[in-house]
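To start, the structure under review is shown below, and the notes come after it.
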Amino acid sequence: MTETTTGATRATTPTAIQMSGVTVEFADPLGGTKQVLKGIDLTVPAGQFIALVGKSGCGKTTLLNMVAALVRPTTGTVTVGGETPKAARRNLGFMLARDALLPWRTAQGNVEYGLELRGVPKQERRETARRWLEAVHLGGSERLWPWQLSQGMRQRVALARTWALDPDVLLMDEPFAALDVTTRVAVQEEFLRLWQSEQHKTVIFVTHDLGEAIALADRVVLLGEGRVLYDVEVGLERPRDLQTVAGEPRYQEIYNQLRSSI
Amino acid sequence: MTRELEEMTITAPDNATPVREPRRDPAETARRKLARRQTTKVRALQALLLVAWIGLWQVTADQEWLDPVLGKSPGQSWDYFVGAIESGELWTNTKATMAAVVVSWVLASLVGAVCGIALGLLPTVERVISPFLDAANAMPRIALAPMFIVAFGIGMTAKVALACTLVFFIVLSGARAGVRSTDSEWLRLSAVLGATKLQLFWKIMLPVATPAIFAGLRLGLIYALLGVVGSELISAKDGLGQLIASYSSLFQMEAVYAILILLAIVAVLLNQLMVTAERWLLRWQAPADV
């Protein structure tokens with residue numbers, strides 16, 4: 001049932017993420033172990049935008065956390081850009097459902113946070129942060145505190161914070177799930193625009209929203225019970241118009257194919 | 001971009017801090033105006049209450065409702081106050097008390113905040129020693145004053161020691177509670193961004209704990225005053241507490257009243273100072289009414 005079209009389209013590009021035979025077990029409260037991921041083999045070429053979808057508890061966030069070196073595989077190997085996930089952290093960007101802005105930092109300060117942790121000098125930090133706030137249409141809001149920003153603005157500050165680090169790989173854990181519908185589309189468009197505006201970064205995008213996955217990603221991987229159930233190349237043309245993409249036949253084809261399993 | 005997005009990106013003025021909802025500006029202005037009018041009303045009522053209280057005091061003295069030893073008029077207290085200012089008695093003793101307050105407050109707050117954050121980060125240690133901390137904190141501290149006076153004499157050290165035992169625990173428990181309010185998402189994000197332990201302490205734990213620490217600092221400042229004056233009452237070579245003790249033994253109650261009022265004013269001023277500092281340091285917090 002699995003469509004394996006991976007690699008064929010970008011035969012020449014290097015591999016960003018490689019997982020082979022990965023299982024992850026957690027100790028459950030009753031003393032046994034619970035297998036969250038069962039023998040995952042996944043290759044993500046550099047520059048690909050891959051969406052992981054599935055019911056809650058299917059292991060998609062665990063998979064993401066593993067790439068972020070927050071969870072270690074019980075068996076199998078994971079490499080990110082040829083290195084261990086921990087060593088590759090300096091090339092990672094990370095975005096969460098809740099924006100995780102630090103309330104005691106202004107918008108500008110929040111964008112600078114990651115740069116500060118990495119020891120970027122002050123002047124450079126300032127300029128980079130200002131540039132990225134500008135890029136997400138928040139120029140002029142640099143000095144506002146998080147509570148003064150709307151939900152959408154906050155998530156766009158989080159976008160700027162992620163982009164300011166210029167990561168090779170973007171890990172996104174339901175980044176737009178907490179937004180209302182209108183704001184969500186606006187932020188999604190913002191995100192796609194940033195992603196398309198330069199050399200493509202590799203994106204691993206976790207979501208429970210199948211429609212969002214198809215609309216945004218190059219490839220949709222459906223997880224269930226800790227296994228890969230479907231692996232589909234989306235093949236919709238870019239740039240995409242998020243307002244109308246749901247009307248495309250290819251969108252509906254994938255949607256109908258995967259819907260029953262989600 | 002969509003209209004929604006444009007709406008959301010209304011730029012803020014350059015000195016952007018007080019802007020809450022850029023979109024609802026006229027309503028905001030009206031709300032502020034109302035708030036200001038209410039503040040004026042509150043201040044007027046407070047002044048009225050103060051005048052009424054002094055009036056009542058005067059009446060109790062005129063009507064001789066109290067024992068003549070206790071029943072002194074505001075005028076008599078005022079006379080003492082003016083005389084004591086001229087003689088320099090009030091100034092030197094206030095200085096002695098305040099020096100002890102500041103020293104004990106700064107010292108105990110620093111140690112208390114560091115210990116509190118450390119305990120928040122080391123849950124096992126916290127579990128082991130928390131019954132001891134609770135026991136120590138439950139002890140009536142004024143009972144320690146004679147011991148400190150025997151140990152350190154009637155100078156500044158004894159006062160400072162007693163006040164420290166009060167302030168330390170207050171700031172400690174504030175910092176402990178503060179660290180616990182850390183959001184796990186901040187830690188997850190920081191871990192992925194490669195934060196070191198030291199960076200976590202300075203950039204996450206300390207700011208997280210600041211509001212709770214500040215609540216402790218504010219309370220601690222008043223308790224420092226309490227501890228110092230308490231110690232002086234028992235025995236000291238100078239200070240406002242010592243003045244109260246000696247005037248009480250001479251039955252000069254008008255002087256005692258004047259000093260008590262002075263202490264109350266000092267406490268209010270200290271509190272106000274802390275509120276101002278707090279407002280600036282915690283300016284990133286949303287106002288309570290949002």
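Every number here is computed from the coordinates shown, using simple stated rules; none is lab data. Nothing here was measured: the structure is a model prediction, and the numbers come from that model. When we count neighbours, we look across all protein chains shown, and the Cβ atoms used for this are built from the backbone with ideal geometry, even at glycine.
Tabulated data
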| item | result |
| --- | --- |
| Rounded, prolate or oblate (a/c below 1.5 giving rounded, otherwise prolate when a/b exceeds b/c) for the range B:109-190 by Cα gyration tensor | prolate |
| Distance histogram in 10 Å bins (all Cα pairs of the protein assembly as shown, percent per bin) | 3, 14, 19, 18, 15, 11, 9, 6, 4, 1, 0 |
| Residue-count net charge about B:Pro68 - beta-carbon cut-off 15 Å; Lys, Arg +1, Asp, Glu -1 | -3 |
| Three-way shape label, the range B:23-65, alpha-carbon gyration tensor, a/c 1.5 | prolate |
| Per-residue average of Cβ from other chains inside 10 Å of A:85-91 | 1 |
| Anisotropy class of chain B from Cα gyration tensor, a/c 1.5 cut | oblate |
| Order of A:Phe205, B:Phe152 - criterion: other Cβ atoms within 10 Å of each residue's Cβ, fewest first | B:Phe152, A:Phe205 |
| Theoretical ellipticity at 222 nm over chain A - DSSP helices of four or more residues, -39500 (n - 2.57) apiece, nearest 500 | -9500 deg cm²/dmol |
| Between 0 and 90°, nearest 10: helix A:122-135 axis offset from chain A longest Cα axis | 70 degrees |
| Among B:Gly112, B:Val167, B:Pro146 - extreme Cα towards positive end, dipole of the range B:72-281, charges at beta-carbon | B:Gly112 |
| Charge dipole of the range B:207-286 about the Cα centre (unit charges at C-beta), most positive-ward option of B:Met253, B:Met274, B:Gln242 | B:Met274 |
| Cα centroid separation, the range A:54-132 to the range A:150-188 (Å) | 13 Å |
| Packing-based ranking, highest mean first, of B:38-49, A:248-259 given that Cβ atoms within 10 Å are counted | A:248-259, B:38-49 |
| Summed side-chain charge close to A:Thr106 - residues other than A:Thr106 whose Cβ falls under 11 Å, Lys, Arg +1, Asp, Glu -1 | +1 |
| Where the Cα pairs of chain A fall when distances are cut into 10 Å bins, in % | 7, 30, 35, 22, 6, 0 |
| Nearest-ten-degree value, helix B:240-249 long axis tilted from longest Cα axis of chain B | 30 degrees |
| Neighbourhood net charge (13 Å Cβ-Cβ; Lys/Arg +1, Asp/Glu -1) for B:Leu166 | +2 |
| When each of B:Lys159/B:Lys197; A:Lys34/B:Lys197; A:Lys34/A:Lys55 is checked by Cα-Cα distance, pairs over 28 Å | B:Lys159/B:Lys197; A:Lys34/B:Lys197 |
| Order by protection proxy (mean Cβ within 10 Å, highest first), peptides A:62-74, A:230-242 | A:62-74, A:230-242 |
| Neighbouring partner chain Cβ atoms per residue of A:61-71, average, 10 Å criterion | 1 |
| Computed magnitude of the charge dipole of the protein assembly as shown (debye, nearest 20; Cβ of K, R +1, Cβ of D, E -1) | 380 debye |
| For residues of A:99-106, the mean tally of beta carbons on other chains within 10 Å | 6 |
| Relative contact order computed over the range B:72-281 (Cα-Cα under 8 Å; 6+ residues apart), in percent | 30 percent |
| Coordinate range along principal axes, alpha carbons of the range B:31-112, Å, largest first | 52, 48, 26 |
